[in-house]
1. Any idea what the dipole of segment 18-185 comes to, in debye rounded to 20, about its Cα centre with Lys/Arg Cβ at +1 and Asp/Glu Cβ at -1?
2. Arrange the peptides 27-34, 111-118 so that the one whose residues have, on average, the most other Cβ atoms within 10 Å appears first.
3. What order, most packed first, do the peptides 121-128, 137-144 have when packing is the mean number of other Cβ atoms within 10 Å of each residue?
4. What net charge do the residues around Val76 carry, taking every other residue with its C-beta under 14 Å from that of Val76, with Lys and Arg at +1 and Asp and Glu at -1?
5. With no solvent and one equal point scatterer placed on each C-alpha of segment 18-185, evaluate the Debye formula and give log10 I(q)/I(0) for q = 0.13, 0.20 Å⁻¹, two decimals.
Amino acid sequence: MKKTIIMAVLGLTASAVSSFGQGTVLFSSYFANNGGGAYTYNFGTTAAIADGFHADLYAIAGAASDPVNNALQSSVTAIPVGLTDLGVTGVTYSGGYFTDQNPVITPTSGQITFEVVAFNGSTYANSTIRGRSGSFTMTGLNVSPSPANNLGDNGQPFPTFYVAPVPEPTTLALAGLGGLASLVALRRKQA
């Protein structure tokens with residue numbers, strides 16, 4: 001009996017300690033960066049993405065690097081590497097920004113790396129148009145739900161980013177075959 005009670009107390013203590021270490025952020029691009037905001041554009045333009053695009057948040061405890069080359073469409077549309085989807089749902093864009101009034105609970109209140117994604121389908125992976133911000137690291141997040149920290153307030157800023165059409169695999173395969181055929185034709189001419 002005593003063992004059961006001691007184990008129950010230890011279990012509750014471990015649960016309280018692990019939840020205390022979590023932080024909160026306001027998942028908003030409008031209020032990000034100390035109120036300066038972070039806009040999302042269509043690839044290669046200065047036009048805002050369409051209203052109704054969805055936003056989601058990826059994170060990992062500690063510092064991580066998953067940069068995006070905003071001049072390269074395949075980099076813009078790639079899937080985040082090494083970060084976990086926090087499962088934020090129902091957040092949509094309006095006027096190039098998104099705002100969710102509910103704080104997102106993060107894995108830690110210490111150093112944490114985030115990445116924001118925007119997409120037009122039901123998930124980032126199955127969307128025909130998508131983009132990602134690239135990673136940015138924040139520290140010292142508030143541990144209670146209110147006030148939540150804005151993205152980019154404590155550490156690296158949350159960057160403005162782009163969305164782009166995702167090429168179909170058949171398009172890429174045809175482009176590869178065309179390149180191969182060109183190399184074969186060039187080699188025959190030289191011989």
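Laboratory data are not the source of any read-out in this text; all were calculated from the coordinates shown. Predicted, not measured: the structure shown is a model, and the values here were computed from it. Counting neighbours? That spans all protein chains shown, and the Cβs are built from the backbone with ideal geometry, glycine included.
1. Numbers: 2 positive and 8 negative charges, 27 e Å.
Charge dipole, segment 18-185, about its Cα centre: 120 debye, nearest 20.
2. Details: 27-34: 20.6, 111-118: 24.0.
Highest mean packing first, the order is 111-118, 27-34.
3. Values: 121-128: 14.1, 137-144: 16.6.
Final packing ranking: 137-144, 121-128.
4. Numbers: positive: Arg130, Arg132; negative: Asp66, Glu115.
Net of charged neighbours comes to 0.
5. Log10 I(q)/I(0), no solvent term: -0.61, -1.28.
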